Each structure stands twice: as C-alpha cells, then as structure tokens.
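Q: What follows is a structure written as structure tokens; I'll ask about it next.
The values are calculated or read from the model by the stated rules, or taken from the named source; none is laboratory data. Just so we're clear, the structure is a prediction, and the values are computed from it rather than from any experiment. Glycine gets a Cβ as well: all are built from the backbone with ideal geometry, and neighbour counts include every protein chain shown.
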C-alpha cells in the first residue's frame, strides 16, 4: 500500500529513530505511532540512558511546504503551551506538560507528557455505549475504586468537571484562551486524572474576530462562522471557552449534545433554547436544580452575561448531585439568572482591561479608531468599551497572539462526533415550541428582537 493510501506508512518508518534534545542532554527513542492529523504525527517515545525510562508523547510538526504565517502559528502553539508548563507559572496538574521542544531542519518535535488512558471522548463513548447495551441508561452508580472516570456517577463526573475547570482557570489566569475545548482535547493520564491538551488554536488575545475557530458542536453562538462574519463584533474567547464546558458537562453525564449547532437559523432546537432557556429542563428532565443553574449560567446565549470560568468552577463545586433525587422540585434557573451578580474577576468584564486584538480583528465599516471599539451584544446593548491594543511578544516571535487557522487538533482527521445524536427536534418540535410559547418555528424566528443577529 502506498503512502497516499496509508498515511501511517511514513510515520511507521520513524519507529526506532532517536531524537536528541541537546539543550537538556536527553535522548528519546520512538517506539510507536499514537495517531496522526493534518499537520503531523504523535509518537510514543521513551527516554534513553535513564532508569527507569520515562515514556513521552512526541508531537511531530512538519515545517515543509508551510507559509510564513503557518510557521508562526506553529511557534505560537509551542510558546503558549510552554508558558503553561513553566515552573515559573506554577505548571498545573491538569494541563498536559510539555517537557521540551526539539527542532530539526524539517520538523519541530514537541515532547509532552504521555497519557496512557487515551482521550476523554473515547472514555465517554465507550462507557455510555456499554450502559446502553446493558439497559442501564443514565442511572446513578457508585464510584469505582481509585480515580477512574465513571460517567454514571455524579461524584465522578463532578470531579472530572472540577479538574477541567481548574485547568482552564489556570490557563485564563495566564491570559491563555483555548478556543477548541472538546473531549478529544482532554487526555486521561495513567492515574485516571484528566489533562487539558492541544493548544493549537489557543490565543492570548482577549478579544477575537477569528469566527469559526474550533469544533462546531462546541462553539459558542458568537463564535460560529456565518456569511456575514465581516460585519460582526469581536467575541471574547474567555466566554466562548465557558460555553464549551457546558456542552462537555452534558457529554459526560448523558453521552450526547443538546443541539448540533448553536445557530438559530441552522438548528431549531437551539433556536427554541435561545428564545426560552427553560426548554433545557424538558430536554434533560433528570437534571437537579443546581445542575440546571450551572448550565444556564455557562450556556447563557448572551456572552456578556455568561459566567466566567471562575464562577463556573464555584458553581460546579456547589452541585451536590447532577440527577434529581426522588421528590425533588423541578424548579430551575431561568434566563433572568444570566444577569445575576457573578464572582468578581478581571476576566468577567473588560471595561477597564487592556488586551491584544487579533490580527484578524479589524472591523470593516467601523468609524471608530483602530485602537478603540465598542462591543455590542446580540441584543444591541453597548458594553466593554475602550479596549486598547498592544503587541504580544514571545521568545519565538513578536507576532500578534491570535490564531486564524485550525492547527493539528484532530488526531485522525475523523469527523466530529455528536454523541449518539442530539435531541431530535423533529420528533418533539410541537411540544418544545409550545413550551416556549409559539405555534411554529416561523413565529419563534419572527419574535426575535430586530437587533438580534441570527447566526
């Protein structure tokens, strides 16, 4: 079979090769191929000359045939990930560690922590599939021994969310915004702990106009690509990250997404939710009031009112059970709760902050100076004024801190999965619309405020 028909052939030829890190006086021998993607391969390697040997994941990025912009994006991913692995920044136990970078004429090799448990997507789908086959459904189960993810245990899922949120809070505290949060980019270590990984689309820009950046099922509404993207206001990557957490939470406990796309014109289920968030309780009637409150805060359609990562972490820690107990009231938070007082942090508002604008964030048609702009939410309200620009420099380059192209984030070029399909709106269309107060989808769309930009 030729390389054209089997892309793994070229990678397998490297098995047995030795990579030498002259800076740290360490050598790594390639043992196997763990996966591949658009921009390269990931290998399993072990240290040589040390006892016992340490196993590492080595991400190989080819430099051949890349434009200058693509090369800069590679360097940016490295610099951002290294900044979160630095002892000076108190490297986090739930962020995959990057030990070193080895550069050759043709490639960059990122030597990272090896997580033998695979990724969270595989863990979720395998466990939910097994439960479905056994007829278990979503029934609560006790924790397994040790720190082993059990998607049917509320305590285990809440522990998993706490790990992910603490990693993201550390990232945001260091002004790094992931922009591609999904189960495939969360790894499971050998001890059962979770590790946030793949910073290929991460940015240090506190506002961005890189619409469509990320994975469609997990993108926030304001982040979704549309034909009219050139006339839209920039979004806050810190808030779009939080939206993704809400979808991951539902993936973990229920093994599916609430909708396919957070675009009202493309997904009727999301359109109903955007108009009346109380339909979430009917989509997931098993949820406790505290779990519903968490979801309404992180899946708040208005990004200016959405929780930040620090509030989200506190809310998760305050959830006793995800599933309602027998006899519990079905009361839940409504969209009005999106406006409640939130935990104060420098990222919950940009009113007085200074951040770097994306190199792609110029706003066509704007009469405002380049160094100042108004952020206008989907309902036409003004906010987050006077955000100024500064250049973000790094040890690799002095380019802007934004990413505009997808960089090696899908391990095997596989299609994004939707966890056994979201709620089928067609099957319950009349019921969901009636609960939202409408007789048809057309009535719902017509009722939306004139200033609301339907994505």
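Q: Quickly run through the range 84-99 and pick out the residues that are in contact with a helix residue (DSSP H, G or I) (Cβ under 9 Å, 6 or more places away or on another chain) and either in the same structural domain as residue 163 (by TED's automatic domain parsing) or outside any loop (DSSP other than H, G, I, E, B) (or both).
A: 84, 89, 95, 98, 99
Q: Checking residue 298 against (1) at pLDDT 95 or above; (2) farther than 25 Å from residue 173 by Cα, which single condition isn't satisfied?
A: Of everything listed in (1) at pLDDT 95 or above; (2) farther than 25 Å from residue 173 by Cα, residue 298 misses just condition (2).
Q: Also: Taking the range 170-182 only, how many residues are buried (at least 20 other Cβ atoms within 10 Å of the Cβ) and either in contact with a helix residue (DSSP H, G or I) (Cβ under 6 Å, 6 or more places away or on another chain) or within 27 Å of residue 290 (Cβ to Cβ) (or both)?
A: Going through the range 170-182 one residue at a time, the tally reaches 9.
Q: A follow-up question, please. Does residue 139 count as modelled with pLDDT under 90, under 21 Å from the mean Cα position of the chain (by Cα), surrounded by fewer than 21 Cβ atoms within 10 Å (Cβ to Cβ) and under 30 Å from residue 247 (Cβ atoms)?
A: Answer is no for this residue.
Q: For the range 270-284, indicate whether the set of residues that are in a loop (DSSP other than H, G, I, E, B), within 28 Å of residue 129 (Cα to Cα), out of contact with any helix residue (DSSP H, G or I) (no Cβ under 6 Å at 6 or more places or on another chain) and modelled with pLDDT of 95 or more is non-empty. Even if it seems obvious, please write down each step before you answer.
A: Just the residues of the range 270-284 that are in a loop (DSSP other than H, G, I, E, B), to begin with: 276-278, 284.
So of that shortlist, the ones also within 28 Å of residue 129 (Cα to Cα) come out as 284.
Still in the list and also out of contact with any helix residue (DSSP H, G or I) (no Cβ under 6 Å at 6 or more places or on another chain): 284.
Next cut, modelled with pLDDT of 95 or more only: 284.
Yes, the range 270-284 contains a residue that is in a loop (DSSP other than H, G, I, E, B), within 28 Å of residue 129 (Cα to Cα), out of contact with any helix residue (DSSP H, G or I) (no Cβ under 6 Å at 6 or more places or on another chain) and modelled with pLDDT of 95 or more.
Q: Only one of these conditions is not met by residue 171: (1) modelled with pLDDT of 90 or more; (2) more than 15 Å from the chain's Cα centre (by Cα). Which number is it?
A: Going through (1) modelled with pLDDT of 90 or more; (2) more than 15 Å from the chain's Cα centre (by Cα) one by one, residue 171 breaks only (2).
Q: Within the range 183-215, can you find the residues that are at positive phi and buried (at least 22 other Cβ atoms within 10 Å of the Cβ)?
A: Once the filter is applied, which keeps residues that are at positive phi and buried (at least 22 other Cβ atoms within 10 Å of the Cβ), the range 183-215 yields 198, 214.
Q: Test residue 265 against the stated conditions and say whether it is over 16 Å from the mean Cα position of the chain (by Cα) and over 30 Å from residue 153 (Cβ atoms).
A: yes
Q: Check the range 220-234 and report whether any residue there is touching a helix residue (DSSP H, G or I) at 6+ places or on another chain (Cβ under 7 Å) and part of a loop (DSSP other than H, G, I, E, B).
A: Yes - at least one qualifying residue is present in the range 220-234.
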